[in-house]
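A.B. asks: Input: one structure, supplied below.
The values are calculated or read from the model by the stated rules, or taken from the named source; none is laboratory data. The model shown is predicted, which means the values in this text are computed figures rather than measured ones. In this analysis, Cβ positions are derived from the backbone assuming ideal geometry, glycine residues included, and neighbour counts consider all displayed protein chains.
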Amino acid sequence: MSWPAYPEGYMYPNEFFEPIVWKPIMTAYTTMIAIASGLAILMGLTLILNYKPLLRYLPLMGILGIASTLVLLLGPLADLRRPDQAFQIFISPHIMPSNTYPGISYIAIVAYMWPITIIVFTLVTLLVISADLLAKGGYYRILALGLKSEAEYPSYYRIARILAVILLILGLAWAFYYPGLLFIAESKLMLYNITPLLPLTYTLGALVASIFILSIASILTRIHLDNIMVKIIIVSALSIIFIKLIELLRVSFILSNIPVIDSLTRVMGGIIILTVILLILTVILGLYSLRDIRILPLASFIGFVAVILDRWVYSISVQQVSKTGIAIFSVHIDFVEALLISSLILLFLGLAVILSVILPTRSVILEKVLGGEKL
Amino acid sequence: MHKISRRDFAKLALGVAITSISSSSIASIGFSRGKRFAMYIDVSKCYGCYACMVACAAENNVPVGVFRTWIERHVRSDGTIIFVPKQCNHCDNPPCVKPCPTGATYVNDDGLVLVDDNKCIGCGACVTACPYGARYMNPVKGVVDKCTFCDHRIYNGLLPACVEACPTGARVFGSLTTEGSEVRRLVDRNPVQVLKPEYGAKPMIFYRDLPEVANL
């Protein structure tokens with residue numbers, strides 16, 4: 001066993017043995033949550049509002065949403081010390097408080113939310129493209145959920161819109177989950193207590209991440225990009241910058257006398273500044289994208305990197321400060337960790353490709369029925 | 001880069017976050033669980049021999065590098081050195097039990113906070129939630145581990161290993177609900193303190209003469 005150098009300041013001995021409980025793969029997990037929840041929110045809102053500029057992206061949103069949700073829990077699964085006992089979360093969930101088990105576990109609730117999200121995402125997607133599946137004939141009819149003719153499609157679409165409300169709620173719940181877990185349930189790491197606006201930042205970040213994935217997928221499937229995607233990116237990035245500024249002011253003026261802020265500045269200061277710079281760049285490039293939509297993938301990519309950094313800060317960097325508030329630990333990504341993160345991303349991409357082969361990525365009939373513009 | 005010494009940090013942090021070490025008494029604790037096991041630690045009697053740590057490690061097969069109990073060495077503002085034993089506080093309102101997704105961590109009928117190895121998935125939620133750094137991932141078992149007050153001993157009429165090994169009697173263990181128990185008498189008659197009372201965890205380790213510098 002090799003012993004790291006003793007970190008500066010006071011700390012508990014058990015923290016010294018394993019300073020970072022949640023490993024870097026949790027950043028990949030939270031980023032995947034961002035993609036899945038962002039797509040659920042976008043798809044839900046598009047259907048509920050029947051928002052025509054985004055209708056053409058519904059099949060893609062569904063496919064990407066299903067793919068990202070399917071791989072979602074592989075992130076924490078890879079982080080568990082006993083993944084072989086992971087099934088316990090489903091057969092023995094801590095969701096009812098009692099004398100023996102006081103409180104309710106947020107993690108257990110989310111574990112149950114996962115299959116529900118997959119089912120709702122799949123149902124909404126299949127309902128939206130049911131007419132296209134029917135038109136394809138053969139085995140695709142099975143996936144059309146019993147649709148007999150194109151005339152029945154409007155009622156299927158209405159059911160999809162009703163389910164979209166559930167999808168939207170699930171999307172918001174996922175977006176709020178991790179920051180909520182940090183802020184409410186896991187509040188014993190001091191730095192988590194000073195970020196009450198984090199759930200909002202994460203939700204906006206989810207929109208940025210999902211628009212990035214959606215824009216890349218749209219280009220690959222030759223669906224033209226719409227200015228509304230640019231506007232979502234710009235508004236989301238600006239809002240995150242605004243919230244970060246509020247947080248900065250709060251930390252500077254209200255919390256500046258707390259010693260832990262010194263550790264916070266050392267651990268997180270640089271990354272937060274870099275995140276804000278990247279978001280400003282996203283806004284500038286986004287404004288250019290309004291003139292030339294081809295710049296959107298670059299603008300959204302930079303925004304996506306900012307989202308990943310933001311997630312790194314709160315899922316990993318925060319753990320670098322001990323519970324006594326002063327010792328600072330180092331974090332490194334080893335080969336196995338890098339392999340796990342890569343596998344998670346590749347699995348998501350692989351599933352997205354497979355689903356896009358099986359399911360139509362554009363809905364011709366949807367446009368015809370709803371009177372949307374031609375692709 | 002501005003560096004904060006341990007002492008400076010203690011002064012600053014304690015001034016803001018840890019406003020005071022609360023005094024407790026049996027009347028104010030409000031416990032409600034069975035025998036409500038607890039421990040009384042007289043800091044002034046501990047001279048840092050580490051016998052409790054060794055006894056605990058031997059009794060519970062604690063791997064090298066992690067600790068069910070440990071002794072902190074602190075320096076008072078007047079320069080005197082003090083030793084403060086710490087471990088799981090078996091809180092009456094345990095923050096570590098609430099986030100456990102599988103119910104692996106639970107509170108037994110007598111208030112002991114325990115872990116069911118067969119249910120623990122090793123997510124680390126309880127490690128993060130415990131404000132006292134008392135939990136760790138057992139590198140051998142792969143599940144979370146912590147002090148159990150030696151439950152395998154106390155239910156057989158023995159004392160926890162750390163209590164039995166303490167040469168000065170700094171640690172006193174017993175039931176708070178049992179009339180006439182030594183721990184109850186000591187907690188009731190002495191000005192006692194608990195660690196980090198601001199978290200509202202209601203710890204069941206009661207210290208006597210705990211200096212503010214050690215309440216981190």
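A.B. asks: Suppose we filter B:Leu186, B:Leu159 for residues that are without any contact (Cβ under 8 Å) to a residue 24 or more places away in the chain and touching a Phe, Trp or Tyr at 6+ places or on another chain (Cβ under 9 Å); which single one remains?
C.D. replies: From the options B:Leu186, B:Leu159, the qualifying one is B:Leu159.
A.B. asks: Picking from A:Ile302, A:Ile345, A:Ile295, A:Ile365, which residue would you name as being more than 21 Å from the chain's Cα centre (by Cα), part of a helix (DSSP H, G or I), at pLDDT 85 or above and of a type outside the set (D, E, K, R)?
C.D. replies: A:Ile295
A.B. asks: Oh, and also: Looking only at the range B:119-142, how many residues end up being facing chain A (nearest Cβ under 7 Å) and surrounded by fewer than 20 Cβ atoms within 10 Å (Cβ to Cβ)?
C.D. replies: Number of matching residues: 1.
A.B. asks: Out of the range A:258-292, which residues are among the polar types (S, T, N, Q) and under 15 Å from A:Ile240 (Cα atoms)?
C.D. replies: Answer for the range A:258-292, where residues must be among the polar types (S, T, N, Q) and under 15 Å from A:Ile240 (Cα atoms): A:Thr275, A:Thr282.
A.B. asks: Go through (1) within 22 Å of A:Phe176 (Cα to Cα); (2) in contact (Cβ under 8 Å) with a residue 60 or more places away in the chain; (3) within 14 Å of chain B (Cβ to nearest Cβ) for A:Pro19 and report which single condition fails.
C.D. replies: Status for A:Pro19: all satisfied but (1).
A.B. asks: Take residues that are more than 14 Å from chain B (Cβ to nearest Cβ) and buried (at least 17 other Cβ atoms within 10 Å of the Cβ) and tell me which of the helices (runs of 4 or more DSSP H) falling wholly in the range A:80-181 contain 2 or more.
C.D. replies: Hits in the range A:80-181: A:106-128, A:130-136, A:140-143, A:153-180.
A.B. asks: Considering the range B:192-211 alone, what residues qualify as being of a type in the set (Ser, Thr, Tyr) and in contact with a strand residue (DSSP E or B) (Cβ under 7 Å, 6 or more places away or on another chain)?
C.D. replies: B:Tyr207
A.B. asks: Among (1) under 28 Å from A:Ala78 (Cβ atoms); (2) surrounded by fewer than 17 Cβ atoms within 10 Å (Cβ to Cβ); (3) of a type outside the set (S, T, N, Q); (4) within 23 Å of the chain's Cα centre (by Cα), where does A:Ile277 come up short?
C.D. replies: Status for A:Ile277: all satisfied but (1).
A.B. asks: Moving on. Give B:Cys126, B:Cys147, B:Cys120 a once-over and let me know the one that is in contact with a strand residue (DSSP E or B) (Cβ under 6 Å, 6 or more places away or on another chain), at pLDDT below 95 and closer than 30 Å to A:Val318 by Cα.
C.D. replies: Just one listed residue meets the conditions, B:Cys126.
A.B. asks: Residue by residue through the range B:98-118, note down the ones that are of a type in the set (Gly, Ala, Ser), more than 7 Å from chain A (Cβ to nearest Cβ) and farther than 18 Å from B:Lys202 by Cβ.
C.D. replies: Within the range B:98-118, just B:Ala104 meets the criteria.
A.B. asks: Here's a follow-up. For the range A:261-271, does any single residue satisfy the condition of being among the acidic types (Asp, Glu) and not in a helix (DSSP H, G or I)?
C.D. replies: No; the residues of the range A:261-271 include none that is among the acidic types (Asp, Glu) and not in a helix (DSSP H, G or I).
A.B. asks: Further question: Within the range A:243-260, work out how many residues are exposed (fewer than 15 other Cβ atoms within 10 Å of the Cβ) and in a helix (DSSP H, G or I).
C.D. replies: Residues flagged as exposed (fewer than 15 other Cβ atoms within 10 Å of the Cβ) and in a helix (DSSP H, G or I) within the range A:243-260 amount to 6.
A.B. asks: Name the single residue, out of those in the range A:44-79 being of a type in the set (Val, Ile, Thr) and crowded, with 21+ Cβ neighbours inside 10 Å, that is farthest from the other protein chains (Cβ to nearest Cβ).
C.D. replies: Of everything passing the filter in the range A:44-79, A:Thr46 is farthest from the other protein chains (Cβ to nearest Cβ).
A.B. asks: If you don't mind, there's one more thing I want to ask. Just the residues that are touching a Lys or Arg at 6+ places or on another chain (Cβ under 7 Å), part of a loop (DSSP other than H, G, I, E, B) and in contact (Cβ under 8 Å) with a residue 24 or more places away in the chain, please, taken from the range B:90-116.
C.D. replies: Matches in the range B:90-116: B:Cys91, B:Asp92, B:Asn93, B:Pro95, B:Cys96, B:Ala104, B:Asp109, B:Asp110, B:Gly111.
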